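The values are calculated or read from the model by the stated rules, or taken from the named source; none is laboratory data. No experiment lies behind these values; they were computed from the predicted model shown. Glycine gets a Cβ as well: all are built from the backbone with ideal geometry, and neighbour counts include every protein chain shown.
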Amino acid sequence: MLPSTAMAETRNLSVTLRVFLKTYRWRKIDPVPMTRLAKPLSECRVALVSSAGFVVPGDAPFRDSVRGGDYSYRVIPADTDVQALEEYHRSDSFSHEGVDEDRNMGLPLDRLHELAAAGVISSVAPRHVSLMGSITAPGRLVERTLPEVGVLLISDKVDVALMVPV
Amino acid sequence: MQTVGLAQAEIEKRGIPTASITMLPDITRKIRPPRALAVPYPLGFPLGEANNPVLQTEILLTLMALLERDDVPVLEEFRVKG
């Protein structure tokens with residue numbers, strides 16, 4: 001049974017969240033960057049970037065106390081047991097039931113390994129990136145964290161990045 | 001959607017093609033990441049359903065198909081196969 005057959009329309013959300021979504025000044029990406037896919041997917045190394053707030057057991061947790069949102073990131077190695085990941089996303093604006101039950105809901109690493117085994121993609125990148133979502137003040141995320149994430153993916157010779165918010 | 005969208009823009013800018021999932025297409029339309037797939041599931045359920053590898057894989061394949069597009073920003077809707 002699917003949790004809902006309807007798009008998560010704003011009218012289904014809490015009043016507080018609806019007001020936030022309506023009044024928050026979203027960052028508009030302008031100009032929109034575009035990089036062409038240089039080769040077939042079957043020759044591509046693929047990385048995942050998730051904002052589910054996942055952390056490999058033993059790594060430092062994301063912190064609720066950072067004003068405007070924790071802008072740090074964690075690396076999730078490809079050989080991680082995805083179901084063992086710890087979730088630190090504390091937002092009550094969404095149901096955590098899905099990721100609680102199956103971590104692939106926020107970081108579909110098992111699916112990616114299957115796609116590589118099936119030859120749909122060439123390989124799973126050695127490192128994947130975990131961010132904390134619901135960052136209301138994204139300045140430090142954009143200025144400090146994301147350039148580091150870009151360098152990490154480039155140094156791993158990643159061809160494609162798939163992005164998963166929660 | 002914003003955190004992922006901003007990360008997406010930075011990665012794409014550095015020469016790696018990207019595609020993202022979204023559960024809030026109206027917000028994604030404002031943020032304008034290069035390529036996004038709107039899924040008909042609530043916040044917290046980007047891959048549709050827990051422990052449903054068939055559906056999760058279908059979503060990922062549809063998402064990866066968007067990588068062929070260069071008419072950014074792209075925002076497509078995911079439809080479950082009948």
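Give, as residue ranges, the helices (runs of 4 or more DSSP H) completely inside the range B:1-67 that count at least 3 residues that are within 11 Å of the chain's Cα centre (by Cα) and farther than 23 Å from A:ARG90 by Cα.
In the range B:1-67, B:53-65 are the helices (runs of 4 or more DSSP H) which contain 3 or more residues that are within 11 Å of the chain's Cα centre (by Cα) and farther than 23 Å from A:ARG90 by Cα.
In this structure, does A:ASP81 turn out to be in contact with a Pro (Cβ under 8 Å, 6 or more places away or on another chain) and at pLDDT 95 or above?
no
List, please: which pairs have Cβ atoms under 8 Å, are six or more places apart or on different chains, and start with a residue in the range B:56-77 that is farther than 20 Å from A:ASP159 by Cβ and end with one that is among the basic types (Lys, Arg) and in a loop (DSSP other than H, G, I, E, B)?
Note: pairs meeting the criteria are B:GLU58/B:LYS81; B:PRO73/B:ARG32.
Which condition does A:PHE54 not pass, out of (1) under 14 Å from B:LEU47 (Cβ atoms); (2) within 11 Å of another protein chain (Cβ to nearest Cβ), if it passes all the others?
Of the numbered conditions (1) under 14 Å from B:LEU47 (Cβ atoms); (2) within 11 Å of another protein chain (Cβ to nearest Cβ), the odd one out for A:PHE54 is (2).
Does A:SER42 meet the test of being out of contact with any Leu (no Cβ under 7 Å at 6 or more places or on another chain) and at pLDDT below 95?
no
Mind checking which helices (runs of 4 or more DSSP H) fall wholly inside the range A:83-166 and carry at least 3 residues that are at the interface with another protein chain (Cβ under 9 Å from one of its Cβ atoms) and farther than 19 Å from A:PHE62 by Cβ?
In the range A:83-166, the matching helices (runs of 4 or more DSSP H) lie at A:109-117, A:146-155.
Give the residues of the range A:37-79 that are polar (S, T, N, Q) and surrounded by fewer than 18 Cβ atoms within 10 Å (Cβ to Cβ), sorted by residue number.
Those that are polar (S, T, N, Q) and surrounded by fewer than 18 Cβ atoms within 10 Å (Cβ to Cβ): A:SER42, A:SER65, A:SER72.
For the range B:19-35, does any single residue satisfy the condition of being facing chain A (nearest Cβ under 7 Å), under 21 Å from A:ARG103 (Cα atoms), in contact with an Asp or Glu (Cβ under 8 Å, 6 or more places away or on another chain) and at pLDDT 95 or above?
Within the range B:19-35 (the criterion being facing chain A (nearest Cβ under 7 Å), under 21 Å from A:ARG103 (Cα atoms), in contact with an Asp or Glu (Cβ under 8 Å, 6 or more places away or on another chain) and at pLDDT 95 or above), the answer is no, since none of the residues qualifies.
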